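The values are calculated or read from the model by the stated rules, or taken from the named source; none is laboratory data. Keep in mind that what you see is a predicted model, and the values were worked out from it rather than measured. Please note: Cβ atoms are built from the backbone with ideal geometry, for glycine as well, and neighbour counts cover all protein chains shown. Just the protein is used for accessible areas: all its heavy atoms, side chains included, with ligands, DNA and RNA removed. Shrake-Rupley method; radii C 1.70, N 1.55, O 1.52, S 1.80 Å.
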Amino acid sequence: MPLYLVTVASRGIDGPQHLYLLAGAELTPAAVTSLVEHLLHDPVVQQVHWQEVNPDQPLTDPFLPKTDLLVVEVAYRPGVTDSEGESVVEGARRLGVRSLEHARSLRRYFLPATADPVQAAAELAIDIVQTTIAYHPGEQTTTRAAFYTMLVAEPTPTTPVVTTIPLRSADDAELIAISQRGVLALDLAEMRAIQAYFVAQGRDPTDGELETIAQTWSEHCSHKTFKARVRYTQTPEEPPAQPDLYPMLTQLAGGECTIDSLIRTYLMRATEQVLTRRDDRWVLSAFVDNAGILAFGSEHEVSYKVETHNHPSALEPFGGANTGVGGVIRDVLGVSAQPIANIDVLCFGMPDAPPPPPGVLHPRRIASGVVAGIRDYGNKLGIPTVGGAVLFDPGYTANPLVYCGTVGLAPRGLHPRNVRPGDIIVVMGGRTGRDGIHGATFSSIELTHTTASEVGSAVQIGDPITEKKMLDVLLQARDAGLYSAITDCGAGGLSSAIGEMGAALGAEVHLQHVPCKYAGLQPWEIWLSEAQERMVLAVPPDRLIALLTLCTAEEVEATPIGRFTSDGRLRVFYRDLKVVDLDMQFLHDGRPQRVLTAVWQPSPALSRSPHLTTVAPDQALLRLLAHPSIASKERIIRTYDHEVGGRTVIKPLVGVHLAGPSDAAVIQPLPGEPTGLVLGFGICPRYGLHDPYWMALAAIDEALRNVVAVGGDPDQTAILDNFCWGDPKQPDRMAGLVRAAAGCYDGAVAFGTPFISGKDSLNNEYRDADGRRVAIPPTLLISALAQVPDVRQCVTMDLKQAGDVVYLLGNTRSEFAGSHLAAIGMIEDGGALPKVDLATAPATFRALHRAIRAGLVRSCHDLSEGGLAVAAAEMAIAGELGLHLVLDEIHSDFITALFSETPSRFLIAVDPAHTAVFEDTLSGLPLFRLGVVTVNPTLHITWQQQTLIDVPVATLRRVWQQGLEVINVKDTDL
Amino acid sequence: MELKVLILRAPGINRDADAALACELAGAYPERIHVNRLIEGSIRLTDYAMLVIPGGFSYGDHLGAGRLLAVDLIHRLGDELERFVADGRPVIGICNGFQVLVKAGLLPGPLRQPPRVTLTTNESHQFECRWVQLEAVANSRCLFTRGIEHPLEVPVAHGEGRIAVRDEATLIELESNGLVALRYLGDGYPANPNGSPHAIAGLCNAQGNVLGLMPHPENAVLPHQHPRWTREPTRHEGDGLQIFRNAVRYAASL
């Protein structure tokens, strides 16, 4: 087949050259000329050269420098999404050039001649998805020609086979071996249950059946840890002072208890408790659908889902984060909603970390890749990325966390959930390939230095435009009532999607109809592939033609592959091969409940008291502002489109020069309606290192503080839980998980904020080459979604007017365990942990909300990492005004007053004309008048006539804005 | 009379609803139409008074922003589009739409000349989402920026918005022929977010009825879309609405 190499070089810009490989049996030089002319280069800024690749002739290339250099060319491996190559084929079709069959894109980099080719390849490419060739100009070109030919070669066709696994005869050791060999992540009890099922059936399972069960029973799909029976023990301790406010903590303090399912006992029950106290139909769906759903106005509903994509992001940061965003968007499409906002919360190792262990990418490289992946997907889908957080801690070096969330908007009640027997199963969107196999089980294993080479297939690159096209037609299909049920094709691929949709009915699938990216996939691979950008729909037969017509009109692939039945069985065929024949009831209810042990050991650091007297306030403040978790995230935020859709009425960056960190973004979903939605986040993993119970309360408090600070109504706030944890089979990790979940119950009930959705990502551990295990800090993300009655009443955190009176709302206690003052090493990490006072916090939030609605608040900022001093600095930076604050009344110790991280606190600036009414509105609550906003841009803080801090705002800003400069946010090519 | 505006949709175009809202607020009746309907002929461009090519990442922008949709416009809709423009009907390309018009040769025009102007990677080598100030260029031929005397505050959101020209003479010609319609106000980065020479933010054709611009006036039409509304006097509308209102008024006058 004729093969052509096109080289494109930019004029006057250093940067990689773009290479294209074009192949087609009938592809003529004339056709290549046309493609090169109209498609492959921009004559104003680029020059181009093309030639035929012929094994017998040397390759020539005018853009290869004559000087001695090392040239490295990078391409995606065959089978990995190459969107640029696919664009060339699409463009050729639109130009009328039908003879182009394959196109691939490459990047060509130039390095010093002495560079080590292996090292260069490792730096320029991610090995599990990309391949490279390195050479020096002037060398023989036969190897290059062979490399190019390999890239466009068709996969060798294989005969579809179904293999039977001899399970019935296996002993326990062999059962475990089968699980490990297949990356099934099933334990012995589960393998025995499967064995018993097939013994009763009188046959052994097929590869497809075993894989189907493994995916359905995976942690990712069935949450077996959160549904486990847990035996919890600790040394009995004093119950909290107000046991009725902390009922679950009180129970745990008793010393021993058994919890039958964390999710039912703590999370779902909290929601039930909260909702029994309300008489409105506000929560429309919690823990049932792909996303939680709330009523919005009388005619709409909003949905919200947050997911994690941690393991893939550790191995291939761009692709991992990219497909993480794509996946959570499909969750919202799975409740028939239009995605209107994205959020991302990221946890990385320290940017200045030493070189990481083998098999682990440096945190800076992970951070850059993840940010690029989020930008690529969100921006291309046209969904604004409006909020989130970025945290840095040494504990995330080998296991970064990538939380992606999407908010959806839909007309009320249009999401159908009524699959009927006879409905056609339609797979829509992207094609199926060998990518993403074992993603669901892969997420349940610990990472090691060899994981990348063993389960590289679990990592993928997204194709946002395919998802965008699907989104466009799905909303039309919903409005036209063309489907009776829909779900995303995520972990477990078709096996999970169809298995779940047909759980109560039964389904029959014919895999030979599934459109594949290339030939050669085995039936079980088609069935299990987690290839991106696919949805599965149940379509009534009389709507099928209308749906397919709609899809054709917008060039979205949609294919009937089977139908739902009424026989309670999951039957899967590839032509006449039987791939799967399972009882739906066994598949969904046959998994034995896990039994786990939890043993709690209190953190010894909590009984120490840190020495605060040695801390120099101004130095501490500057170092806190430079800490990457506190430093300005503007460089990252500016690369995300947060304006598209026109709904972002409070931006992530606010103030005079839009440099201030907003507590939360506000979106106005419907242009004509004043009601808004606020998105706030709470995440305090450093507290989790000491006690996940108080971490959970602090995270709920922080998420609520954020939404209340801008004007969200605490009584119209729902929350999501996302746990990222280590190995739950370790009793200490499990005990932490129990305590965090217990904190979720106590917090949600006390604040009246129901959980509407949640997800867990466990086994975030890394085992290095020497067998040492490293778990991440216990990390709970609480995502709050609050209504703002009228966006015109929203408040931002920037100081606005000199002369405004500044208040602190909330009591300050000396609580430094897990604090950022400890993180920067200025004090020992220990002492009291920041504790939420559930007796006052809910009343504080409600009263502040009343004051904001009454228009009494000019600026408001919540106190979090780094305490009062950091919050005051940020308000001054954003408003380019000064502050004069007197802290005498706050605490008898000034370091506590400045830097303690006691929750439930706000700094508030009030117009002097409104102070009396403001104080009235908050009467009975701990409110302290601290000082005034000044024209002179200096942060001036005193305590008992002693100046603690006197630093120009310009200095604060410079330090705060430089904190993240080491993270590269430039467009990385490829 | 109902003034119908065709808002072009294509795979990856994503600010079509935003542009439609702006046109509606400007008093027109926008219809979002997929490019395939025009190509197959089931919908005709000539039935519309105005065309908007909105922002997004058409076909993914993998081969340079706007390249593939430009191929559609030129190779599959060329004649119809050329007539539309020759008739003097307004065409506005925003962000990706601007890139499409430039890559198709409609801007700065005339068509079928060797390309002399393009839009390429921002000088910062990164995507830029931020608010900018725009000035309407006084001597411009553009029909929709006339009468705009105050700077417009609007957001940009792009990675490839820097004007690049074949040679210095082209730049001088753009200026002297009144083809520069909009300029970023203020010195250097980030006031000029992409590093365009002469701070060019928007271009028009010689007739003045085709305007392309990188910033997003359609995301600055409502008062609370402004990034500093919590600290500034109340607005009644966003600055960007003026461009749409002018274009609609002009289309109505034809």
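Meeting the requirement of 1 or more residues that are free of Cβ contacts under 8 Å to residues at least 24 places away in the same chain, away from chain B (no Cβ under 14 Å) and in contact with a helix residue (DSSP H, G or I) (Cβ under 7 Å, 6 or more places away or on another chain), no strands (runs of 3 or more DSSP E) wholly within the stretch A:457-560 can be named. In this entry, B:LEU63 passes the filter for residues that are facing chain A (nearest Cβ under 10 Å), assigned to a loop (DSSP other than H, G, I, E, B) and not polar (S, T, N, Q). Among the residues of the stretch A:791-817 satisfying the criterion of being within 12 Å of another protein chain (Cβ to nearest Cβ) and not aliphatic (A, V, I, L, M), which is most open to solvent (accessible area, probe 1.4 Å)? Result: A:ARG792.
When A:SER83, A:SER105 are checked against the criterion of being buried (at least 20 other Cβ atoms within 10 Å of the Cβ), at the interface with another protein chain (Cβ under 10 Å from one of its Cβ atoms) and modelled with pLDDT of 95 or more, A:SER105 stands alone in meeting it. I'm trying to understand the selection: among the residues of the stretch A:582-597, which are open to solvent by less than 70 Å² (accessible area, probe 1.4 Å) and in contact with a Gly (Cβ under 8 Å, 6 or more places away or on another chain)? A:ASP583, A:MET584, A:LEU587, A:HIS588, listed by residue number.
Of the helices (runs of 4 or more DSSP H) entirely within the stretch A:821-938, those holding at least 2 residues that are under 15 Å from A:LEU799 (Cα atoms), touching a Phe, Trp or Tyr at 6+ places or on another chain (Cβ under 8 Å) and touching a residue at least 60 places away in the same chain (Cβ under 8 Å) occupy A:867-879.
A:PRO166 fulfils the conditions (1) open to solvent by 70 Å² or more (accessible area, probe 1.4 Å); (2) within 25 Å of A:SER761 (Cα to Cα); (3) touching a residue at least 12 places away in the same chain (Cβ under 8 Å) except for a single criterion, (2).
Can you tell me which residue among B:GLY88, B:GLY97 is of a type outside the set (Asp, Glu), open to solvent by less than 40 Å² (accessible area, probe 1.4 Å) and on the phi > 0 side of the Ramachandran plot?
Every option except B:GLY88 fails the conditions.
Within the stretch B:111-142, track down each residue that is in contact (Cβ under 8 Å) with a residue 60 or more places away in the chain, more than 14 Å from chain A (Cβ to nearest Cβ) and open to solvent by less than 40 Å² (accessible area, probe 1.4 Å). Answer for the stretch B:111-142, where residues must be in contact (Cβ under 8 Å) with a residue 60 or more places away in the chain, more than 14 Å from chain A (Cβ to nearest Cβ) and open to solvent by less than 40 Å² (accessible area, probe 1.4 Å): B:LEU134, B:SER140, B:CYS142.
Cβ contacts < 6 Å: first residue farther than 18 Å from A:ALA121 by Cα, restricted to the stretch A:131-144; second residue in a loop (DSSP other than H, G, I, E, B), any location; separation 6+ or different chain. Result? Between residues of the stretch A:131-144 that are farther than 18 Å from A:ALA121 by Cα and residues that are in a loop (DSSP other than H, G, I, E, B), the close pairs are A:THR141/A:PRO58; A:THR141/A:LEU59.
Each residue in the stretch B:111-154 was checked for being within 27 Å of B:TYR250 (Cβ to Cβ), among the β-branched types (Val, Ile, Thr) and not in a loop (DSSP other than H, G, I, E, B), and 3 of them qualify. The set of residues in the stretch A:725-743 being assigned to a helix (DSSP H, G or I) and more than 21 Å from A:GLU256 (Cβ to Cβ) is empty.
Can you tell me which residue in the stretch A:1-37 is surrounded by the fewest Cβ atoms within 10 Å (Cβ to Cβ), limited to those that are of a type in the set (A, V, I, L, M) and part of a helix (DSSP H, G or I)? Restricting to residues being of a type in the set (A, V, I, L, M) and part of a helix (DSSP H, G or I), the top hit is A:ALA30. Of B:GLU218, B:GLU237, all but one fail to be open to solvent by 60 Å² or more (accessible area, probe 1.4 Å), under 30 Å from A:ALA709 (Cα atoms) and in contact with a helix residue (DSSP H, G or I) (Cβ under 8 Å, 6 or more places away or on another chain); the exception is B:GLU237. Is it the case that the stretch B:165-183 has a residue that's in a strand (DSSP E or B), over 16 Å from the mean Cα position of the chain (by Cα) and surrounded by fewer than 24 Cβ atoms within 10 Å (Cβ to Cβ)? Checked the stretch B:165-183: at least one residue is in a strand (DSSP E or B), over 16 Å from the mean Cα position of the chain (by Cα) and surrounded by fewer than 24 Cβ atoms within 10 Å (Cβ to Cβ).
In the stretch A:644-699, of all residues being assigned to a helix (DSSP H, G or I) and among the hydroxyl-bearing types (Ser, Thr, Tyr), the one that is nearest to the other protein chains (Cβ to nearest Cβ) corresponds to A:TYR687. When A:GLY672, A:GLY646, A:GLY660, A:GLY680 are checked against the criterion of being over 20 Å from the mean Cα position of the chain (by Cα) and open to solvent by less than 10 Å² (accessible area, probe 1.4 Å), A:GLY660 stands alone in meeting it. Among the conditions (1) modelled with pLDDT under 95; (2) part of a strand (DSSP E or B), A:ASN722 misses just one, which is (1). Here A:VAL360 clears all of (1) under 15 Å from the mean Cα position of the chain (by Cα); (2) modelled with pLDDT under 95 except the condition numbered (1). Considering A:ALA92, A:ALA75, the condition of being buried (at least 22 other Cβ atoms within 10 Å of the Cβ), at the interface with chain B (Cβ under 10 Å from one of its Cβ atoms) and of a type outside the set (Lys, Arg) is satisfied by A:ALA92 alone. Taken together, B:PRO108, B:PRO90 contain a single residue that is more than 10 Å from chain A (Cβ to nearest Cβ) and within 19 Å of B:LEU45 (Cβ to Cβ), which is B:PRO90.
When you look at A:ALA631, is it part of a loop (DSSP other than H, G, I, E, B) and over 30 Å from B:ASP18 (Cα atoms), yes or no?
On the way: part of a loop (DSSP other than H, G, I, E, B): yes; over 30 Å from B:ASP18 (Cα atoms): yes.
The answer is yes for A:ALA631.
Scanning the stretch A:29-60 for residues that are closer than 25 Å to A:THR131 by Cβ and in contact (Cβ under 8 Å) with a residue 60 or more places away in the chain, we see that the one that is nearest to the other protein chains (Cβ to nearest Cβ) is A:LEU35. If you go through the stretch A:248-298 and keep only what is open to solvent by 40 Å² or more (accessible area, probe 1.4 Å), hydrophobic (A, V, I, L, M, F, W, C) and modelled with pLDDT of 95 or more, you end up with A:MET268, A:LEU275, A:LEU284. Here A:ILE636 fulfils each of the conditions (1) open to solvent by less than 20 Å² (accessible area, probe 1.4 Å); (2) among the β-branched types (Val, Ile, Thr); (3) not in a helix (DSSP H, G or I) apart from (3). Applying the set (1) over 16 Å from B:ALA10 (Cα atoms); (2) within 11 Å of chain A (Cβ to nearest Cβ) to B:ARG83 leaves exactly one unmet item: (2). When every residue of the stretch A:383-393 is checked against the conditions, none turns out to be in contact with a Cys (Cβ under 7 Å, 6 or more places away or on another chain), assigned to a loop (DSSP other than H, G, I, E, B) and open to solvent by less than 10 Å² (accessible area, probe 1.4 Å).
Residue-level check: of (1) out of contact with any Cys (no Cβ under 7 Å at 6 or more places or on another chain); (2) assigned to a loop (DSSP other than H, G, I, E, B); (3) open to solvent by less than 20 Å² (accessible area, probe 1.4 Å), A:VAL579 misses just (2).
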